[in-house]
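The values are calculated or read from the model by the stated rules, or taken from the named source; none is laboratory data. Computed from a predicted structure; not experimentally measured. Here the Cβ positions follow ideal geometry from the backbone for every residue, glycine too, while neighbour counts run over all protein chains shown. In case anyone asks, the SASA skips ligands and DNA or RNA and just uses the protein heavy atoms, side chains included. Shrake-Rupley method; radii C 1.70, N 1.55, O 1.52, S 1.80 Å.
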Amino acid sequence: MNELADQSFRDAHFAAIVANSTDAIVSKDLNGVVISWNAAAERLFGWTAEEMIGESIRRIIPPDRQDEENAILARVRAGELVKKFETLRQTKAGIVIPIAVTVSPIRDATGAVVGASKIAHDLREHSTLRQELRESQQQFVALAQYIPQLAWMADSKGWIFWYNQRWYDYTGTTLEQMQGWGWKNVHHPDHVDRVVERIQHAWDTGEDWEDTFPLRGADGEFRWFLSRANPLKDDEGNVLLWCGTNTDITEQREASERITLLMREVNHRARNMLSTVQAIVNRTASASDSELADALLRRIAALSANQNLLNEGDWVGAVVADIVASQILHVGDIAEGRIHTGPRDRVMLKPGPAEALGLAIHELATNAAKYGALANDTGEIDVTWGFEGEGEDRRFVMEWRERGGPPVEKPERKGFGTTIIERNPAFAMRADVTLDFDPAGLVWRISAPYDSAIAPDLSDTSQPEAD
C-alpha cells in the first residue's frame, strides 16, 4: 500500500512538473503519433491537446524538415538520446518558429523502447537577440574596418588585443607581432621612448591620451600620425578598455611647414621694406624735421615689433600680454615698476586687431612719457584687459588708465597720434573707443565684439571666461 502511495505521489509530482513547465513537453510513439501534449506545447504551437493527441507529430514539422523527423525516430528506435539541437517548427497559424529540441527514448518495464519524449524550448527571443547582436557586430566591423584611421583596442592595463585592417595594411604586420607592446617595433626610435612614457601615464591614470609621432609603413617609410585614445569606464569610473585611433597627418604637417616657411619669407621681406623706409626717413626728414622723423621711426619700430609677434604665432594672432610688453619697451628706462599690466590669462587677438592694438599702445606709452603719467617721477599706469557679457553679447575690453602724473589737458586739435589711438582700433576690431582726458589721468578704453577681436589660441586653451 505504501508503495502504491509513493508511486501515486511520484506520478502526481511528475504530472505537475509537465503541466507547469514553460517548455513544451510532448510524447509520441515510434511512428510519431502524439501521446501527450502539455499546456506549454499548446501555447508554443497553437494546437490544443485534443487537436494533437492521436495525430502525427509531423503536423508541426515544415515540409523541408520531414527528413529530420525520420532521422530522429530512427535514432530513438535504436535507443539513442538526441541531444539538444536547434531547428524550426510550424505553428497552427502557419508561422515557422525557431526552437531547441531534446528527444529521449521511452522504455517499458522490460527496457524496450516504446516511444519518445520531446522537450522543445522557444528560441524566438533568443533568435531576435542573436540577430541584433549579429547586426551590431556587422556594424562595428563596417565602422572599424572602413574608417580612414588606423584603429585599435586595449584592455584596462593597456595591453593591445585588436587592430583594424587598415593598421595591418599600413604596417604590414600581424596581430601576433603587434599585440601588447609589439607596436613599439613600428615607431621611430627617436620618438618611441617619449610615446611609451606618455601613454603609460594614461594607462596608469585613466586620462585621455593624445600624441603626434611617426609610424613606419610596410614600405619602410615613416609617416606622421595624430594619435588619440579614450578609456571606456564603468559606473564606478573603473577603466574597462581603451579605444584608440591613429590619423595620418603627413600632408597637413608638410603643408603647415610650407606655410610657415612662406610666412617667414614674407616677414623677412616686410622687415627689409621697413628697414628701407626707416633709412629713407632718416635721410629725408631728419635734417629738416627731426621730431617728425623720430615719430615716424618709432611707429615703424612698433609695427615691426608687432610683425615679429605675429610671425612667431604663424600669423594666427598675437597674445595681448606680449603686445603690451613689446610696445612699452621704448619707455622702459623711465617706466620700470610704474606700468602695471594684467591679468595673467592668455588672450590672443587676430592679426588685424593685434597690429592696431600694438600701434595704439605704443602711441599711448609715447604720449605718457612726453605729457602724461611718465612725464614725472610719481605717475603710474594700469593696463588691464578681459571680457564682459555672455554669448553673442560677449566683448573684449581693454583699458589704459594713468594716475599721478601732471594734470591732463584736452588737446586743442587731433593729430595723427589720435588717429592711431582711436580710429585704428575702432576700424580693425569694430570697437567702441573712448578717450577721457580726466585731469587726474588719461583713460583710454576699447570694447570690441568677441568674434571681431579674438583668435583661437592653439597653444593654450585656457581663455578666461570673465574679468
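Annotation for D64 and E399: the two label points, set 7 Å from Cα along the Cα-Cβ direction, are 8.4 nm apart. Of all lysines in the structure, those lying under 29 Å Cα to Cα from K184, and not within fewer than 8 positions of it along the same chain, are K157, K233. Straight-line reach from K350: taking Cα to Cα under 29 Å and skipping same-chain neighbours fewer than 8 places apart, the lysines in range are K414.
At a Förster distance of 45 Å, what's the computed FRET efficiency of A74 paired with R198, Cβ-Cβ distance as r, to 0.05? Numbers along the way, then the final one.
Numbers: r = 67 Å, r/R0 = 1.49.
Rounded to the nearest 0.05, the efficiency is 0.10.
Taking amide H as placed 1.01 Å from N in the peptide plane, G386 has its amide H under 5 Å from the amide H of V397, each at least 5 places away in sequence or on another chain. Taken over the stretch 44-193, the alpha-carbon convex hull comes to 213 cubic angstrom per residue. Magnitude of the charge dipole for the stretch 18-175, about its Cα centre and with charges confined to Cβ atoms of Lys, Arg (+1) and Asp, Glu (-1), is about 220 debye.
Rounded to the nearest 20 debye, the dipole size of the stretch 323-467 about its Cα centre is 440 debye, using +1 on the Cβ of Lys and Arg and -1 on the Cβ of Asp and Glu. Each residue of the stretch 81-88 was assigned a 3J(HN,Hα) from its phi angle through the Karplus expression (A = 6.51, B = -1.76, C = 1.60, θ = phi - 60°), giving 8, 8, 5, 3, 9, 9, 8, 10 Hz with x at Gly and Pro. Please work out the Cα center distance from the stretch 92-145 to the stretch 194-237, rounded to the nearest Å. Between the Cα centre of the stretch 92-145 and that of the stretch 194-237, the gap is 45 Å. Think of the stretch 333-467 as a dipole: +1 on every Lys or Arg Cβ, -1 on every Asp or Glu Cβ, centred on the Cα centre; then among N376, F387, G415, G415 lies furthest on the positive end. Candidate cross-link partners of K84 among the lysines, defined by an alpha-carbon separation under 24 Å and a same-chain spacing of 8 or more, comprise K28, K92, K118.
Once Rh for the stretch 121-217 is found with the Kirkwood sum over Cα pairs, what is the Stokes-Einstein diffusion coefficient at 37 °C and 0.692 mPa s, in µm²/s? Intermediate results must be reported in sequence, preceding the final value.
Values: Rh = 15.6 Å.
Once the numbers are plugged in, D ends up at 211 µm²/s.
Give me the percent of the accessible area of the stretch 326-384 that comes from carbon and sulfur atoms, probe 1.4 Å, all protein chains in place. Carbon and sulfur: 49 percent of the exposed surface of the stretch 326-384.
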